[in-house]
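Working notes for the structure below.
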C-alpha cells in the first residue's frame, strides 16, 4: 500500500509539471508495475480530479483548466478550415421560420458566415455570434441572460437557464469541448454544462458540431450522450470506437 501511495504521489507531481503523459511514458517511469496497474492509477487520479483519461494516456487538469478553456482568440484560428466546413454543413438543417438555438464556441461562431438572410428566431449564449448576425436583418436574435464567462465568451448560469426554460427549439446547434466513450460530450465549466443540458431538453432536433481534434478529449462535466443527439457534424471520418457509439444510438453523421 505504501509503495502504491508513493507511486501516486510521484504521478501527481509529474502531472503538475506536464500537460500530457502517455501510458508508455508512465510504463517507462514505473517499470516495476504492469500497464493494468498504471491504468488503475490513472483512474484513481481522475477520480480525485487531478487528470482526465484520454486515448493512450492522461491529461493534467491543471493545464486543461489553465489553458484549454481559455485563449479564446487563439482557438478562433485553430482548425479554421474544418470549422468553416462544419458550419456550412449545419446550415442545411435550417429552414425558414425555425426557432433555433446556437451554442457558443469557435465552430458555431462560423454559422454567421453562412446563415442566409431569412426568417429565423435565433437564440444564442454567444454575444460574439449575436453581434455577427447583424448581417441577417430578417432573423430575430435573442441573447440569453446569465453570467458572462470572459474566457469562453459565453453566457450561462441560472439566468440563462431561466431564459430558455419556457422556450422550445426546433433545432439546437451545440458544441462540446470533447467526446469520450466513458464521458460522452463534455464541457470544462459546470455552469455551461447545466445550461447545455437544459437547451437539449428543450430541443426537438440536436446537432453537435465537433472538429476531429476533439475526439478522445474529456472535460470534467458531461452534458450529453449519443442518445441525446440527432446529428453529428464533423470534418473527418469518426474513429471506429466512437463511430460504433453513434451507430447504436442511430445518430446520423455528416462529414463536412
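Out of (1) under 30 Å from residue 57 (Cβ atoms); (2) buried (at least 24 other Cβ atoms within 10 Å of the Cβ), what's the single condition that is false for residue 180?
Result: residue 180 fails condition (2) only.
Tell me the helices (runs of 4 or more DSSP H) entirely within region 32-104 that contain at least 3 residues that are touching a strand residue (DSSP E or B) at 6+ places or on another chain (Cβ under 7 Å) and at pLDDT 75 or above.
35-47, 80-90
Return yes when residue 250 is without any contact (Cβ under 8 Å) to a residue 24 or more places away in the chain and part of a loop (DSSP other than H, G, I, E, B) and no when it is not.
yes
Restricting attention to region 202-226, and to residues there that are in a strand (DSSP E or B) and in contact (Cβ under 8 Å) with a residue 60 or more places away in the chain, which single residue is surrounded by the most Cβ atoms within 10 Å (Cβ to Cβ)?
For region 202-226, the residue satisfying everything is 209.
Just one of 198, 214 is within 12 Å of the chain's Cα centre (by Cα) and under 21 Å from residue 152 (Cα atoms); which is it?
214
For region 142-187: of the residues being assigned to a loop (DSSP other than H, G, I, E, B) and over 18 Å from the mean Cα position of the chain (by Cα), which is nearest to residue 249 (Cα to Cα)?
That would be 168.
For (1) in the same structural domain as residue 216 (by TED's automatic domain parsing); (2) closer than 16 Å to residue 180 by Cβ; (3) buried (at least 17 other Cβ atoms within 10 Å of the Cβ); (4) touching a helix residue (DSSP H, G or I) at 6+ places or on another chain (Cβ under 9 Å), each residue gets a yes or a no:
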position: 26; (1), (2), (3), (4): no, no, yes, yes
position: 35; (1), (2), (3), (4): no, no, no, yes
position: 44; (1), (2), (3), (4): no, no, no, yes
position: 51; (1), (2), (3), (4): no, yes, yes, yes
position: 56; (1), (2), (3), (4): no, yes, no, yes
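The values are calculated or read from the model by the stated rules, or taken from the named source; none is laboratory data. No experiment lies behind these values; they were computed from the predicted model shown. Reconstructed Cβ throughout: ideal geometry from the backbone, glycine too, with neighbour counts over all protein chains shown.
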